[in-house]
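Notes to accompany the following structure.
No lab work stands behind these numbers, since they all come straight from the coordinates. Just so it is clear, the model here is predicted, and its values are computed rather than measured. Using ideal geometry, Cβ is built from the backbone for each residue, glycine included, and neighbour counts are taken over all protein chains shown.
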Amino acid sequence: MTADHYFSVRPETKARRRTVRFSAGGREFSLVAAGGVFSAGRLDPGTAVLLRKAPLPDAASRGPFLDLGCGYGPIACVLAACAPEAIVYAVDVNTRALDLVRENAAALGASGRIRTVTPDGVPDGLAFQQIWSNPPIRVGKADLYELLRRWLPRLAPDGEAWLVAGRHLGADSLHGWLVEQGWQVTREASQKGYRVLRVRR
């Protein structure tokens, strides 16, 4: 047993590679995942609900977009495929995850548009048209709220964030906390125990 979590910086878990196949936005995706990265064996159910229920960008979208806590990159890859002119920042603390995103972006032909960076690698002052995240609820409320306090203010004035969280993991309390922080929040969808939240200024 190891003490690894999907939010470990350098996971020690054996990097057993797997292929994750799923459809989103009318396209088929086949991405490489590996042990030590969030939901390495399949597309996480919360992420699947987010990609199915939130409106994906279209070809006219320019971004920039942020995939916060990108894992091996399913959200970043879907955004890049749907909006071929947009820049997508795929952000994670897990270096193995970022390596996988680079590999998946290359296979998708989007290496130049998916920027894989640690949180401190995002350019200062860059405002995002959209932020997408299946946030790491299991880090605990204090760390989760700190994460959102850091990144939600990076939304452009007319931007929006799309978040998904499990009802049993505190989605409704997250909704309430966001409202308390002054954000406009609407529950756009509920499916399979997950809430999809739209967050705006």
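Look at His168, His175 and count the other Cβ atoms within 10 Å of each Cβ; fewest to most, that gives His168, His175. Taking a ≥ b ≥ c as the square roots of the Cα gyration tensor eigenvalues, the chain comes out rounded, since a/c falls below 1.5. Taking a point 7 Å from the Cα of Leu126 along the Cα-to-Cβ direction, the residues of the range 135-158 with backbone N closer than 16 Å to it are 151-156. In plain terms, the residue of Cys82, Cys70, Cys77 with the fewest other Cβ atoms within 10 Å comes first and the most crowded comes last, giving Cys82, Cys77, Cys70. Neighbour counting of Cβ atoms within 10 Å sorts the residues Leu51, Leu108, Leu66, Leu126, fewest neighbours leading, into Leu126, Leu108, Leu51, Leu66. Applied to the range 140-146, the Karplus parametrisation 6.51 cos²θ - 1.76 cosθ + 1.60 on θ = phi - 60° returns per-residue 3J(HN,Hα) values of x, 4, 4, 5, 4, 5, 4 Hz, with x for Gly and Pro. Would you kindly state the longest site-free stretch of the chain, with sites defined as GluC sites (Glu not before Pro) in a DSSP loop (not H, G, I, E, B) surrounded by at most 14 other Cβ atoms within 10 Å? Here the longest run is 86-201. Adding -39500 (n - 2.57) for every DSSP H run of four residues or longer, then dividing by how many residues the chain holds, sets the calculated 222 nm ellipticity at -8000 deg cm²/dmol.
For Glu188 and Val117, a Förster radius of 25 Å and the Cβ-Cβ distance give a FRET efficiency of 0.35, rounded to the nearest 0.05. Residue separation of Arg201 and Trp177 scaled by 0.36 nm, minus their Cα-Cα distance, works out to 7.2 nm of gained length.
Coupling constants for the range 45-60 follow from the phi torsions by the Karplus curve (6.51 cos²θ - 1.76 cosθ + 1.60, θ = phi - 60°), and in residue order they are x, x, 4, 4, 5, 4, 5, 7, 9, 7, x, 6, x, 10, 5, 7 Hz; glycine and proline get x. Who wins for biggest fluctuation among Asp124, Asp67, Asp44 in a Gaussian network model of the chain, springs between alpha carbons below 10 Å? Result: Asp124 has the largest fluctuation of those listed. Residue separation of Ala156 and Val93 scaled by 0.36 nm, minus their Cα-Cα distance, works out to 20.3 nm of gained length.
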